[in-house]
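Here's the structure, in structure tokens; my notes come after.
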Amino acid sequence: MFDTIILLTGPAEHSVFTTLLRGHNPDLTVLPVFTAEDLAAIEPDWLRRARLISFTTGVIVPGAILDQLGFGAYNFHPGPPQYPGRAPAQFALYDHATDFGCTVHRMIARVDAGPIVDAEAFPIPADISGAGLEELAYTRLVQTFWRMARVLATQPEPLIERALRWGSKRHARKAYEQICDVPVTIARDELAHGVKVLGADHFGIVPTIGLHGFQFRVVVPETESAATNEAAEA
């Protein structure tokens, strides 16, 4: 019997989406999940009664959990089918794409590879940054969730799948790090494009002098910075 949705997302989205889903199905239990540890703690009995919905999260759902879900799992991906994987907005801008969007798909063990059930597209505004395009995609993704909430909350049958295919080029962390690399021989136009796509704070390689009129600084992740400070104090 379908009576549970496992909602894998952030705390802010969980609060709003739970109210929305239960508005369509008052008898529905919405189980909050934020981490891989939360997922691993769910009992098999719960999984057999549940559908999982993943919304803009970096948590990867293991295939063993997907196999135990009684009513499938669906992911809301903040990018179009042409850009599966990491940082779709940045890669689309880096490629000078003219259109972007968001995708909803059934989850399988491979990330961003399951059958597509919905996709939205919109033109990319001129001179938009990577962060700006991410915000647009997030807004469209929320609107898509709102539109699909009733079906997700009330229909135990699998969602209808569309004849859409994922792009063949899948971007992982290594590819993202490569476009963040700034060689001192980079052409001015290419550097300006990279700054627009990523924002100057994303660049981790810093020339000792200004480069083509740009100045850069080292950006250290908070976790790395804390570890460095602890080592210095030891």
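The values are calculated or read from the model by the stated rules, or taken from the named source; none is laboratory data. These figures come from a predicted structure and were not determined experimentally. All Cβ positions, even for glycine, are placed from backbone atoms using ideal geometry, and neighbour counts span all protein chains on display. Side chains are part of the model used for accessible areas, which takes the heavy atoms of the whole protein and leaves out ligands, DNA and RNA. Shrake-Rupley method; radii C 1.70, N 1.55, O 1.52, S 1.80 Å.
Close contacts from the stretch 68-87, counting a first residue that is in a strand (DSSP E or B) and a second that is of a type in the set (Phe, Trp, Tyr) and at pLDDT 95 or above, with Cβ to Cβ under 8 Å and a gap of 6+ residues or different chains, come to ASN75/PHE55; PHE76/PHE55; PHE76/PHE145.
Entry remark, the stretch 99-131: residues being more than 27 Å from ILE160 (Cα to Cα) and surrounded by fewer than 16 Cβ atoms within 10 Å (Cβ to Cβ) number 4 in total. For ALA12, state whether it is within 20 Å of VAL104 (Cβ to Cβ) and loosely packed, with under 13 Cβ neighbours inside 10 Å. Yes.
Per-residue answers, yes or no, for (1) among the hydroxyl-bearing types (Ser, Thr, Tyr); (2) on the phi < 0 side of the Ramachandran plot:
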{"residue": "THR4", "(1), (2)": "yes, yes"}
{"residue": "LEU21", "(1), (2)": "no, yes"}
{"residue": "ALA41", "(1), (2)": "no, yes"}
{"residue": "SER54", "(1), (2)": "yes, yes"}
{"residue": "PRO62", "(1), (2)": "no, yes"}
{"residue": "GLY72", "(1), (2)": "no, no"}
{"residue": "PRO81", "(1), (2)": "no, yes"}
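Within the stretch 89-98, is even one residue open to solvent by 50 Å² or more (accessible area, probe 1.4 Å), within 25 Å of ASP67 (Cβ to Cβ) and either in a helix (DSSP H, G or I) or not aliphatic (A, V, I, L, M) (or both)? Checked the stretch 89-98: no residue is open to solvent by 50 Å² or more (accessible area, probe 1.4 Å), within 25 Å of ASP67 (Cβ to Cβ) and either in a helix (DSSP H, G or I) or not aliphatic (A, V, I, L, M) (or both).
Scanning the stretch 27-78 for residues that are in contact with a strand residue (DSSP E or B) (Cβ under 6 Å, 6 or more places away or on another chain), open to solvent by 20 Å² or more (accessible area, probe 1.4 Å) and of a type in the set (Ser, Thr, Tyr) returns THR29, THR57. Of the residues examined, PRO158 is one that is in a loop (DSSP other than H, G, I, E, B) and modelled with pLDDT of 60 or more.
The sole residue among ALA89, ALA64, ALA163 that is in contact with an Asp or Glu (Cβ under 6 Å, 6 or more places away or on another chain) and either of a type in the set (S, T, N, Q) or over 28 Å from GLY23 (Cα atoms) (or both) is ALA89.
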